[in-house]
Amino acid sequence: MSQASSSSWTSFLSSITSFNGDLASLTAPPFILSPTSLVEFSQYWAEHPDLFVEASLLRADDNAGAPEIEAMALKRAISVTKWFISTLRSQYCLRNESMGSEKKPLNPFLGEVFVGKWDSPLVGETVLLSEQVSHHPAVTAYGIINASHNVSLQGYNGVKATISKASINVKQYGHGILQLDDLNESYLYTLPPLHIEGLISASPFVELEGTSYIQSSNGFIVQIDYSGRGYFSGKKHTFKARIYRDQLSSANKDNALVTISGQWSDKSYIAKGSATPSSKTDELFYDAMAVKPEQLQVKPLESQHPLESRRAWKKVADAIKKSDYDQIHQEKSIIENEQRDLRKKEQESGAKWQTRWFDNVDYAAEQKHDPFTNLTNLANLSIHNGPSGSAKSSKYDTGEAKHWRLNLDNWKQETEIKL
Ligand code: 0T9
């Protein structure tokens, strides 16, 4: 690092100590800025389209007996776990690989969208819709649809951060629901907390911690525990996933039907039962280094709508790539002022900004009975807006219960934004 950037990093670090909880408000030195908006991160959920639809293909024969039906249901839970693990490397390591460290993403404006598709010869077209549905706090919602296999995913996420001496600690809010319509089966996943290490040495990276869950509508629950260097092993990015027949049996680790462990950024292994699999004797579960992510296809900038992320941020992104501090600031201000004007006009006319493809559904008010209600009951998870994965009857099991849901009709009627 040059002397100039190391001194700007030092003053950035000291500005962090007086930080107010809103990560977007941190003015970071240009070398730590990423030219990519957070609204793009939704694509990481399906960069392995074959794994995204795999579970839907694991079906017992029509004349199968109960044991085979049960075995297939477990195979699907394992497959969904593999898909989930396969998303983590891009979600949390990509910036380190492509830019040398974690970087501060562009903070999406309200209504910013990002769309694209994967055309895989084997599994057909998979469509991504991502939309910034809230700016304060920042919330991104997404839908991912593979119509040839009747598989769809919808979810949303936001974060809240606190600072401790050597790291930024981040709690995620939101969840996702994967639906396998041919099987009439659904899966709820929660999002793990994380922290950012390497701040002192100006080489930040994300480490996952705590626990996330995958609950299947057929009862199976996967508990995934994360840790970094020195907890389970000397390696970073490790996890241990245990699959149980149901939430009740998950109270005792000995009840695990299957245990998977290793690095989510690298290799992991799988074994039956509750013993930790070993890399020497057990089967390879997933090798994140061996399978290249499939690139999402995105329209060229000229054919994008002004609300589409890459088009909207083009000038800011160019300035970041040139490390031109004044220009970054200038171009960002143009977008911020436009947004401020829009909000002011909305307030004057009393018309609120309308989200495009997602609705904010109030589960406390409506007594809804849908996959989310069913899956949170099975998993004993809260329906309220606490940190992702909060349990029923925990201190977070209170307050609002509003969740962003994909409105497919709105997408079908979309005329301005094309794939
Ligand atoms: C959802 C993901 C999320 C978004 C990012 C914390 C973070 C913003 C949120 C949670 C995705 O599915 C997964 C991956 C990485 C997360 C980001 C990592 C990060 O550093 C940023 C925050 C806002 C910062 O930029 C902190 C300041 C910076 C100087 C550290 C490099």
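I'd like to check one number: the per residue accessible area of the range 17-419, probe 1.4 Å, reported in Å² as a whole number. Write out the running numbers ahead of the final one.
Details: 18980 Å² over 403 residues.
Here the per-residue accessible area is 47 Å².
Hey, how many Å between the Cα centroid of the range 324-366 and the Cα centroid of the range 89-154?
When both Cα centres are located, 20 Å separates them.
Quantify, in whole percent, the carbon and sulfur part of the accessible surface of the chain (1.4 Å probe; protein heavy atoms only). Each step should come with its number before you reach the end.
Working: 10130 of 19940 Å².
After summing per-atom areas, the C and S share lands at 51 percent.
With every protein chain kept in the model, how would you rank Phe372, Phe41 by accessible area, 1.4 Å probe, largest at the top?
Values: Phe372 5, Phe41 35 Å².
The most accessible residue leads, giving Phe41, Phe372.
Going highest first, how would you order 111-123, 157-169 by mean Cβ packing within 10 Å?
Numbers: 111-123: 18.5, 157-169: 15.5.
Going from most to least packed, we get 111-123, 157-169.
Using 31 Å as the Cα-Cα cut-off, could you pick out the over-long pairs in Lys104/Lys402; Lys235/Lys272; Lys103/Lys395?
Numbers: Lys104/Lys402 28 Å; Lys235/Lys272 23 Å; Lys103/Lys395 33 Å.
Flagged as over cut-off: Lys103/Lys395.
At a 10 angstrom cut-off on C-beta neighbours, averaged per residue, how do the peptides 43-53, 307-317 rank from highest to lowest? Mind showing how you got there, number by number?
On the way: 43-53: 23.2, 307-317: 19.8.
So the peptides 43-53, 307-317, ranked by packing, come out 43-53, 307-317.
Quick one: Kirkwood hydrodynamic radius for the range 17-419, alpha-carbon pairs, angstrom, one decimal?
Details: mean 1/r = 0.0450 Å⁻¹.
Mean inverse Cα-Cα distance, inverted, gives 22.2 Å.
Compute a Gaussian network model of the chain, connecting alpha carbons closer than 10 Å, and tell me which residue from Ser382, Ser203, Ser34 fluctuates the most.
Comparing Ser382, Ser203, Ser34 in a Gaussian network model of the chain, the most mobile one is Ser203.
Roughly speaking, what is the centre-to-centre gap between the range 369-419 and the range 197-271 when only Cα atoms are used, to the nearest Å?
If you average the Cα positions of each part, the centres end up 23 Å apart.
Starting from the Cα-Cα distance between Asp318 and Leu301, subtract it from 0.36 nm times their residue separation and give me the gain in nm to one decimal.
On the way: separation 17, 0.36 × 17 = 6.12 nm, distance 1.33 nm.
That pair, Asp318 and Leu301, stretches by 4.8 nm at full extension.
Per residue of the chain, what 222 nm ellipticity follows from adding -39500 (n - 2.57) for every DSSP H run with n ≥ 4, rounded to the nearest 500?
On the way: 8 runs with 113 residues, N = 419.
Calculated at 222 nm, the ellipticity per residue is -8500 deg cm²/dmol.
Just to be sure I understand: with springs between alpha-carbon atoms less than 10 Å apart, which residue in Ile270, Ile200, Ile221 has the highest mean-square fluctuation in the Gaussian network model of the chain?
Between Ile270, Ile200, Ile221, it is Ile200 that shows the largest mean-square fluctuation.
The values are calculated or read from the model by the stated rules, or taken from the named source; none is laboratory data. Quantities reported herein were computed from a predicted structural model and do not represent experimental measurements. Every residue, glycine as well, gets a Cβ built from its backbone with ideal geometry; the counts of neighbours run over all protein chains shown. Heads up: the accessible areas ignore ligands, DNA and RNA and are worked out on the full protein's heavy atoms, side chains in. Shrake-Rupley method; radii C 1.70, N 1.55, O 1.52, S 1.80 Å.
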